[in-house]
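A short worksheet on the structure shown next.
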Amino acid sequence: MAKKKTGNYSKRKAESKQQLEEEIASLSKRVVEEAPACGYAPPLNQTMAFRALPISEKTLQGLEACKTPYTTMTAIQNACIPHALAGRDILGAARTGSGKTLAFVVPVLECLFRHRFTPADGPGAAILSPTRELAVQIFQVLKAAGKFHTFSVGLLIGGKKDFHEEQQHVATTNIFIATPGRLLQHLEQTPYFEMSELKILVLDEADRILDMGFRDQLVRILSYLPDGPRQTLLFSATQTTDVSDLATLSLRKPEYLGVHDKEKTSTPDSLQQSYVVVPLEHKLNAIYSFIKTHLRCKTIIFMASCAQVRHAWELFCSLQPGVPVMAIHGKLVQHKRTQIYFDFLQRPRAVLFATDIAARGLDFPNVDWVVQADAPEDRNMYIHRAGRTARYRNGGKSLLILTPKEEEKGFIEMLQAKNSAPVPIKKVSINPTKTVVVTQRAASLVAANVDLQRLAKKAYQSYVSCIHLMPSKEVFSVQDLNLDSFSESLGLSSTPDLKFLKDKTQDREERREKKNVNRKLQRLKEQIKAEKLAKRLAKEGKTAPETERGVDSDSEESGDELLVSKKEQNWTDPEKLNDQSISVKLSEVNQERKPKRIRIDGTNAPNKHFKFNESGEAEDIKGLISVAPEESIQKSKEDLETAATEYMRKIRERVVSNFEKDKAEEKERIRNKHKKRKLKEKAEKGDLVAENGMATLATLDDDASVESDDSETKLARAMSNTDAQPSSDSSDDEGDFRAQEDFALSIIRGSA
Ligand SMILES: Nc1ncnc2c1ncn2[C@@H]1O[C@H](COP(=O)(O)OP(=O)(O)OP(=O)(O)O)[C@@H](O)[C@H]1O
């Protein structure tokens, strides 16, 4: 009986093997026969089914079993997949949200399928992403589309957690989705891990991976890849065609497929774009007014730095606008970042404050609005940020907030690149009747909360620093900023110091350079520390520990009435602005929930309003106003203005009187922080001495740009049954520094 069972099993296995071989043979033949001529690009409006392609049944079933079944190809998929199946190198460019992910996921699956890869064959494909969140997203698409294949897939996205565990599995992983730093770390540190059989390399957001932040890491990764034929696919909405970039990758006669190059615009047709001009000191008012008038929307608000996002989130949570407010930036601990990413993904309406870690590639469904509260550094960043809405066939709106100087100095002209299609953006104005001024409330909150005060100060400093470091000197200049009013608008009682501005000898480039080198020195230190720790733990047979780093309901306003083309908010006339703020407080804006009243003493305790008559009896102010003559209304308005001035005076007094106390608290906080750090270092030093100063090479975190962070990593094995962890990152590198780094490491290892 058992013999019969074994016999049946062997028979079935032989049959399925034969079927597989037949399918591969037939597909290989079709791929050659149906390959488009080199240089061929199909018409943009041609619709083709995935079933018409020479691809495996397993991939087709996977595509059809996705949450939204994929049956018909998008333009970029139709253009790229046939060339990619034929083994050609590709430079794919298409507008944001046009389906570039599947345009490389399908060829990756098919390439490994036709090469008969199994986990025993090790790495066959690597997909590089500049951010951790994007890597997670690609991983999910690959997991869904490759559901019926049996390849093993690994998500390598940086951080120290699980590195040791990952090391056990990388050699039997077929497809990596990785951030460059983490992949490099494995290539350099994991024994017996090599990629000599790699068949296909993909760079998503290729222009980002090829820029200075990642280039050095990429070059080092490439040195581990086979010299022989390797297929390379590059994708981005803002594709590079720079010859030196392509030379870095040694592309073989790449097919350039820019499917939207001949279109009238560089951005999706369904994306409505506008910009408003708002003085820097009124930006928070404009953002708050926007949120209040779009309570039923899902909105992403981009800001220039982590500190600004942290400050805005903290402040807006306290202001309770009536919609869930979230924030994502590189300084968040990884599990929090993961949680926020998935939370925002699922919410039908919410506001997400974000840095540029969320600007590229992320496919949050149903985002109605993207607000660029701080101007992006360049055209490409503008396109990627705005592209978080209006994805695939959906509509979406984007609003850019510019300061008067940024507009005057030609930011909008900068968006229109010479050799690319225009970015259609129209100017709108803020409707004065829909504006809510929150400056005083912000000041009150900052005065009452020392943490918020610290955040406001950091937000101020980091914003000015970002402007100082902007690549376009023609448009951005710190000299154009009214620093005192900006600081005041953040609720700060005095304008914080900006050391870098005083140092006139250092120009912007030097500072940028210095910032990078310092960051690298920091990284080197961390690397050495982690190297030692990992070695010690390896000795003890342990894995490295995770790095420790750390609605109120409201009615909705009438949507886009805030943004108008005629009525203009007069931000520059303080008198008018005060009038407006008062009129708003008197409920001209039709909100069910009135703005919170704040008492003259700066507290939020509920008010009771009485007016005393001549005989000294208290009367209800509401009743009084309803019967009072015109002069009396005028008088109460004047009273309100006097009250507002008085209020500001009290706030100022309170801040001054609390100054010493806050200063002492802050000192104590910093002292404790240093104490903790020293204790920790001491403890570590003790450990390291105990192991005779031996060191192990440690984490090279992916880090590009302003962001820095730590995070956990998950290695997901086999297409099913894996949990994904997002995150992001970035870095910058120079040859000199690399030499110093190598030298330092060689000293530690005793090889110098
Ligand atoms: N063939 C298809 N049929 C239907 N929907 C598709 C198809 N291909 C992709 N999509 C959907 O289009 C959306 C955008 O896809 P994707 O994230 O790949 O865009 P992208 O071009 O990579 O965008 P970005 O430039 O922002 O990275 C996704 O929600 C995806 O599910």
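Could you check, for region 213-233, whether at least one of its residues is within 16 Å of the ligand (Cβ to nearest atom) and surrounded by 13 or more Cβ atoms within 10 Å (Cβ to Cβ)? The answer is yes, given that some residue of region 213-233 is within 16 Å of the ligand (Cβ to nearest atom) and surrounded by 13 or more Cβ atoms within 10 Å (Cβ to Cβ). F302 meets each of the listed conditions (1) under 19 Å from Y275 (Cβ atoms); (2) within 16 Å of the ligand (Cβ to nearest atom); (3) surrounded by fewer than 22 Cβ atoms within 10 Å (Cβ to Cβ) apart from (3).
If you go through region 382-394 and pick out every residue that is open to solvent by 50 Å² or more (accessible area, probe 1.4 Å) and not charged (D, E, K, R), you end up with 2. For region 455-469, the set of residues classified as in contact with a helix residue (DSSP H, G or I) (Cβ under 7 Å, 6 or more places away or on another chain) and basic (K, R) consists of K458 only.
If I filter region 365-381 down to residues being part of a loop (DSSP other than H, G, I, E, B) and touching a His at 6+ places or on another chain (Cβ under 9 Å), which single residue comes out as surrounded by the most Cβ atoms within 10 Å (Cβ to Cβ)? Write out each step before concluding.
Taking region 365-381 as the starting set, the residues that turn out to be part of a loop (DSSP other than H, G, I, E, B) are 365-368, 373-378.
Right, trim to touching a His at 6+ places or on another chain (Cβ under 9 Å) and you get 368, 376.
Working: D368: 18, P376: 22.
Among those residues, the one meeting the criterion is P376.
Looking at region 36-44, is at least one residue within 16 Å of Y392 (Cβ to Cβ), at pLDDT below 95 and either open to solvent by less than 70 Å² (accessible area, probe 1.4 Å) or more than 12 Å from the ligand (Cβ to nearest atom) (or both)? Yes, some residue in region 36-44 is within 16 Å of Y392 (Cβ to Cβ), at pLDDT below 95 and either open to solvent by less than 70 Å² (accessible area, probe 1.4 Å) or more than 12 Å from the ligand (Cβ to nearest atom) (or both). Against the numbered list (1) within 14 Å of the ligand (Cβ to nearest atom); (2) of a type outside the set (K, R); (3) within 28 Å of S266 (Cα to Cα), A145 comes up short only at (3). The residues of region 387-397 that are in a strand (DSSP E or B) and more than 13 Å from the ligand (Cβ to nearest atom) amount to a single one, K397. From the list G97, G87, G92, the lone residue that is open to solvent by 10 Å² or more (accessible area, probe 1.4 Å), within 10 Å of the ligand (Cβ to nearest atom) and either within 23 Å of F342 (Cα to Cα) or touching a Cys at 6+ places or on another chain (Cβ under 9 Å) (or both) is G97. If you go through region 332-340 one residue at a time, do you hit one that is closer than 26 Å to I209 by Cβ, within 16 Å of the ligand (Cβ to nearest atom) and outside any loop (DSSP other than H, G, I, E, B)? No: zero hits.
Pairs linking a residue in region 193-207 that is part of a loop (DSSP other than H, G, I, E, B) and acidic (D, E) to a residue that is open to solvent by 20 Å² or more (accessible area, probe 1.4 Å) and within 16 Å of the ligand (Cβ to nearest atom), with Cβ atoms under 8 Å and 6 or more positions apart or on different chains, are E205/R360. Scanning region 270-300 for residues that are of a type in the set (G, A, S) and in a loop (DSSP other than H, G, I, E, B) yields a single hit, S270. From the list K397, K426, the one residue that fits, being in contact with a Leu (Cβ under 9 Å, 6 or more places away or on another chain) and open to solvent by 30 Å² or more (accessible area, probe 1.4 Å), is K397. Quick check on region 429-459: of everything there that is outside any helix (DSSP H, G or I) and not polar (S, T, N, Q), which residue is surrounded by the fewest Cβ atoms within 10 Å (Cβ to Cβ)? Among residues in region 429-459 that are outside any helix (DSSP H, G or I) and not polar (S, T, N, Q), the one surrounded by the fewest Cβ atoms within 10 Å (Cβ to Cβ) is V437. Residues considered: L352, L362. Of these, the only one that is more than 15 Å from the ligand (Cβ to nearest atom), under 13 Å from the mean Cα position of the chain (by Cα), aliphatic (A, V, I, L, M) and not assigned by TED's automatic domain parsing to the domain that holds T74 is L352. Answer yes or no as to whether T267 is part of a strand (DSSP E or B) and at pLDDT 95 or above. So T267 fails the test.
Are there helices (runs of 4 or more DSSP H) fully within region 97-170 with at least 2 residues that are at pLDDT below 95 and more than 27 Å from the chain's Cα centre (by Cα)? List them.
On the way: elements: 100-114, 132-145, 163-169.
Fully inside region 97-170 and qualifying: 163-169.
Return yes or no: is R310 out of contact with any Ser or Thr (no Cβ under 7 Å at 6 or more places or on another chain), modelled with pLDDT of 95 or more, more than 26 Å from F486 (Cα to Cα) and open to solvent by 20 Å² or more (accessible area, probe 1.4 Å)? Criteria not met by R310.
Looking at P376, P404, just one residue is of a type outside the set (A, V, I, L, M), within 22 Å of A312 (Cβ to Cβ) and within 15 Å of the ligand (Cβ to nearest atom), and that residue is P376. Is it the case, given these coordinates, that F117 is open to solvent by 10 Å² or more (accessible area, probe 1.4 Å), more than 10 Å from the ligand (Cβ to nearest atom) and touching a helix residue (DSSP H, G or I) at 6+ places or on another chain (Cβ under 6 Å)? No, not satisfied.
Are any of the residues in region 57-72 more than 9 Å from the ligand (Cβ to nearest atom), assigned to a loop (DSSP other than H, G, I, E, B), farther than 20 Å from Q46 by Cα and open to solvent by less than 10 Å² (accessible area, probe 1.4 Å)? There is no residue in region 57-72 that is more than 9 Å from the ligand (Cβ to nearest atom), assigned to a loop (DSSP other than H, G, I, E, B), farther than 20 Å from Q46 by Cα and open to solvent by less than 10 Å² (accessible area, probe 1.4 Å).
The values are calculated or read from the model by the stated rules, or taken from the named source; none is laboratory data. This is a predicted model, so every value here is computed, not measured. When we count neighbours, we look across all protein chains shown, and the Cβ atoms used for this are built from the backbone with ideal geometry, even at glycine. Remember, those area values only see protein heavy atoms, side chains included, never the ligands or the DNA or RNA. Shrake-Rupley method; radii C 1.70, N 1.55, O 1.52, S 1.80 Å.
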